[in-house]
Every structure is written in structure tokens, then in C-alpha cells.
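Accompanying notes for the structure given below.
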Amino acid sequence: MEFLSFREKLSLANIGHPKKRKEWKGARLAIKSALDSIQLPYPGFYKDTHGKSHAMDGYGYVSLTHHGDYSGAIFHKEIPVGIDLEKVREKTVTLGPKYLDDSEMEFLNKDPYLHTLAWSVKETIFKCQGKKGISLRQNILLQPFTCADQIVKGKIHGTDFADHHYAVKVFAENDMILTYTVW
Ligand SMILES: CC(C)(COP(=O)(O)OP(=O)(O)OC[C@H]1O[C@@H](n2cnc3c(N)ncnc32)[C@H](O)[C@@H]1OP(=O)(O)O)[C@@H](O)C(=O)NCCC(=O)NCCS
């Protein structure tokens with residue numbers, strides 16, 4: 001954790017719960033590794049009032065995720081990004097009406113993998129736009145997809161902002177799903 005900024009070291013010192021500390025550290029290791037791979041220095045990151053992270057030097061866009069023992073991060077020099085990691089869970093089917101539109105529930109067919117993927121894609125789009133107050137069910141609508149699809153498309157609609165369309169890449173391994181914006 002030597003690479004962390006002074007401010008980040010303070011934030012870490014304030015996280016008491018061991019699981020939360022591990023997740024927080026894992027996400028920072030992931031973004032450090034992403035930046036190393038494109039030969040960029042680690043600038044340190046801060047959170048805005050919505051919880052979204054931004055580089056201290058104002059350069060580029062970042063998104064972080066963690067789930068259990070896994071963490072992920074995405075960085076882009078010019079365009080906003082979102083990323084999410086989820087474990088396939090049966091519960092995503094029964095929770096469907098909370099985060100899905102009726103039209104989406106039809107093509108998801110009560111399948112736990114497809115439901116978890118829909119959840120992950122919506123969280124990815126949510127994290128890309130970054131503002132609280134966007135509802136997964138009412139404001140993020142997905143185009144029909146199947147388990148063979150590696151890109152899922154969705155849009156933000158019905159808000160004060162103009163409709164915005166997103167393409168989200170899917171990477172699934174065992175019971176884990178990783179999704180991230182590719183525009
Ligand atoms: C904030 C939220 C996107 C986090 O997603 P998650 O799957 O619970 O957790 P993840 O590990 O994937 O992501 C956590 C990271 O998201 C980032 N994050 C938090 N708020 C964010 C925001 N408004 N925009 C973008 N990124 C955000 C943070 O970097 C956080 O990591 P950190 O605390 O280590 O810095 C999610 O909790 C949320 O609020 N979703 C809103 C939609 C909703 O209503 N969900 C429930 C539907 S029933």
C-alpha cells in the first residue's frame with residue numbers, strides 16, 4: 001500500500017472492518033496494476049459526493065469494483081467508464097421486480113446467470129454515469145440478450161439528461177461475472 005496518496009492512507013486508516021479494508025485495498029491494487037500496464041503514474045484518487053472516484057490530477061476516468069476475494073478496476077484517458085463484479089446468485093431472480101423492467105424480465109426467463117448479468121450490466125452503467133438518483137429499474141433499460149452474448153447494450157432514459165446508449169463487455173468465469181463499459 002506504499003503507493004497510496006497521503007489522503008488515501010488516511011481513508012484506509014479509517015476503515016475498521018477487516019473485510020471492507022481488504023476490498024478497499026484490492027480495488028486500489030487493481031487500479032495500480034491497470035495504470036502500471038499503460039505506464040501511467042498512480043495519481044491517488046478521491047471520492048465525489050456520489051461516491052464515484054476521480055484522479056487527484058484530474059486526468060482520465062476510473063471505476064472500481066470488489067466482490068468477495070476479487071477486485072477489478074478500469075481506467076480510460078478520455079471517456080467515462082464503469083465496471084462491476086458479481087457472483088451468480090439465485091436471489092437475483094426473486095429480486096427482479098426491484099431492478100428490472102417488465103420487458104427485461106420476459107427475456108431473462110427466470111435464469112440466475114442472465115439475471116445476475118443484467119444486474120451487473122445495470123450497475124456498470126450506473127457507475128459509469130456516477131450520479132445517485134438514477135434507478136436501475138426505471139432509468140436503465142437493457143436490450144434483449146442471451147448467455148452467448150459478449151456485449152450487452154443498454155440506455156439511460158427518462159431522466160433530465162438526454163438518452164445515453166452504452167455497450168458493456170461481459171467476461172464470465174465459473175460463477176463470477178465481470179462487466180465493463182466499452183462504449
Ligand atoms: C454504489 C454502487 C454502484 C456500488 O456497487 P456494488 O456492486 O455494491 O459494489 P462494487 O464493489 O461493485 O463497487 C464499489 C465501488 O463503487 C464505487 N462507487 C460508489 N458510488 C459510486 C457512484 N455513485 N458512481 C460510480 N462509482 C461509485 C466506489 O469506488 C466503490 O469502491 P470503494 O468504496 O472501494 O471506493 C451500488 O451500491 C449502488 O448504489 N447502486 C445503485 C443502484 C441501486 O439502486 N441498486 C440496488 C438495486 S435493487
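Among the residues of region 23-51, those that are surrounded by fewer than 14 Cβ atoms within 10 Å (Cβ to Cβ) and of a type in the set (Val, Ile, Thr) comprise Ile38, Thr49.
Within region 107-127, residues that are closer than 10 Å to Thr179 by Cα and charged (D, E, K, R) reach partners that are at pLDDT 95 or above and within 12 Å of the ligand (Cβ to nearest atom) with beta carbons closer than 7 Å, at six or more positions or on different chains, in the pairs Lys122/Tyr99; Lys122/Leu136; Lys122/Ile140; Glu123/Asp84. Assess whether Leu12 counts as being of a type in the set (A, V, I, L, M), touching a His at 6+ places or on another chain (Cβ under 9 Å) and surrounded by fewer than 16 Cβ atoms within 10 Å (Cβ to Cβ). Considered against the rule, which asks whether it is of a type in the set (A, V, I, L, M), touching a His at 6+ places or on another chain (Cβ under 9 Å) and surrounded by fewer than 16 Cβ atoms within 10 Å (Cβ to Cβ), Leu12 comes out as no.
Going by what's in this entry, would Gly44 be described as in contact with a helix residue (DSSP H, G or I) (Cβ under 6 Å, 6 or more places away or on another chain) and either farther than 15 Å from Ile125 by Cα or near the ligand (Cβ under 8 Å from one of its atoms) (or both)?
Yes.
The values are calculated or read from the model by the stated rules, or taken from the named source; none is laboratory data. Keep in mind that what you see is a predicted model, and the values were worked out from it rather than measured. Using ideal geometry, Cβ is built from the backbone for each residue, glycine included, and neighbour counts are taken over all protein chains shown.
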